[in-house]
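As structure tokens, the structure follows; a few thoughts come after it.
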Amino acid sequence: MKMSRRNVFRFGAAAAAMAAVPRARADETPAGGVSFASVKESLRFTMPSYKGQCRFMVVGDSHLSIDDARGEPFRQYSGRMAKPYRSALHFRTGRPIASPDGFEYALAEAKRMKVDFLALVGDIVSFPSEAGVEYVRRRLDESGLDWMYISGNHDWHYEGLPGTEMALRAEWTKKRLAPLYQGADPMMASRVVKGIRFVFIDNSLYEILPEQLSFWRQEAAKGEPVALMMHIPLYMPGYGPREAGCAHPEWGAKVDPHWQIERRPQWPEAGHTQTTFAFREAVFSTPNLLGVFVGHVHRHFFAFDRGHVQCAVAANADGSFFDVRVNGGL
Ligand SMILES: [Fe+2]
């Protein structure tokens, strides 16, 4: 979805809370009270409980398919995903660009804007080739940006390799994607930048692990404004299980037509675990939640639950990103 007009939201519950304490000083204001506006890829948040200013970029779904001779033995597992996204129409100019120019454009824009932080929300590479991972790490290092990364469903996936998805993710995130985590746990990590706590959770299998739920609760309780970074959108009423599938009540084998194409096990008959549903509840019950930032669906969309926004970023294959500014006060 391309946003062509200005959209401004004042979150109702928080606004009501503010109205109930009209003489509260800013430092007594309850957490929350976030205002949000978007114009195309530019997002603006105002958070009364926040004291500073922060500008960050969100990039997902670059789908780089860089490979070399070292990838030869894996070609049978990387071949399908090596074909798409090699070219795209630039999201601003409409002119054709070839991979990896979308990724390069976002890095150049991030540097030009002097963002405080770059969040990479998965499917940056289409398969875990050494050459692809080396390229991404080298370009990020050369950019001088402060960045963090979490995997999508493709980054670690060589399609058709035997084994459970959980085991394959554990194996290939360690074996190949390790340089992108900069020593952090591939499943969950956080960093505070300019007073905002950025929490990264790997939900690339749609499911949330018990330790990830605990991690979220611990991190969110620390009190700063908290931004959740994942690859797959959380369930939002009105969206289907392939658009917003993490904790979607209909997610499961019946709505998984692509498992044979992607050469992976089908989603389970039983659907999500209780942990995954509990995670979604915990996220949208977090009073100091700035927002949820995801990719996977390859188009911008914004959806709300209990006054909190989830922002899905369009695929960076065409250069797309979110330019997010957070300000304190009103
Ligand atoms: Fe994805």
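Laboratory data are not the source of any read-out in this text; all were calculated from the coordinates shown. In this text, all values refer to a predicted model and were calculated from it rather than measured experimentally. Backbone-built Cβ (ideal geometry, glycine too); neighbour counts: all protein chains shown.
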| field | the stretch 53-71, residues that are away from the ligand (no atom under 16 Å from the Cβ) and more than 14 Å from the chain's Cα centre (by Cα) | value | 53, 54, 55, 66, 67, 68, 69, 70, 71
| task | Test each condition in (1) under 23 Å from residue 117 (Cα atoms); (2) assigned to a loop (DSSP other than H, G, I, E, B); (3) more than 16 Å from the ligand (Cβ to nearest atom) for residue 203 and report the one that comes out false. | result | (3)
| message | Just to verify a result, which residue in the stretch 117-165, among those that are in a loop (DSSP other than H, G, I, E, B) and of a type in the set (Val, Ile, Thr), is farthest from residue 322 (Cα to Cα)? | response | 164
| message | Out of 91, 56, I need the residue that is in a loop (DSSP other than H, G, I, E, B) and out of contact with any His (no Cβ under 7 Å at 6 or more places or on another chain). Which one? | response | 91
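Taking residue 295 as the residue in question, decide whether it is in contact with an Asp or Glu (Cβ under 8 Å, 6 or more places away or on another chain), more than 20 Å from residue 47 (Cα to Cα), surrounded by 14 or more Cβ atoms within 10 Å (Cβ to Cβ) and in contact (Cβ under 8 Å) with a residue 24 or more places away in the chain.
yes
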| said: Cβ-Cβ under 6 Å, sequence separation 6+ or interchain: first residue in the stretch 308-327 and in contact (Cβ under 8 Å) with a residue 24 or more places away in the chain and part of a loop (DSSP other than H, G, I, E, B), partner β-branched (Val, Ile, Thr) and surrounded by fewer than 24 Cβ atoms within 10 Å (Cβ to Cβ). Which pairs? | reply: none
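For residues in the stretch 124-147 being touching a strand residue (DSSP E or B) at 6+ places or on another chain (Cβ under 6 Å) and more than 16 Å from the ligand (Cβ to nearest atom), which is farthest from residue 199 (Cα to Cα)?
So in the stretch 124-147, the residues touching a strand residue (DSSP E or B) at 6+ places or on another chain (Cβ under 6 Å) come out as 125, 132, 140, 145-147.
Those left that are additionally more than 16 Å from the ligand (Cβ to nearest atom): 140, 145-147.
Working: 140: 19, 145: 18, 146: 14, 147: 12 Å.
Step by step, filter the stretch 124-147, then rank; the result is 140.
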| said: Here are the criteria: (1) within 15 Å of the ligand (Cβ to nearest atom); (2) touching a residue at least 60 places away in the same chain (Cβ under 8 Å); (3) over 14 Å from the mean Cα position of the chain (by Cα); (4) within 20 Å of residue 276 (Cβ to Cβ). Tell me which single one residue 156 does not satisfy. | reply: (2)
| Are there any pairs, at least 6 apart or on different chains, whose C-beta atoms fall under 7 Å, with the first in the stretch 225-252 and on the phi > 0 side of the Ramachandran plot and the second not in a loop (DSSP other than H, G, I, E, B), and if so, which? | 247/234; 247/276; 247/277; 247/279; 247/280
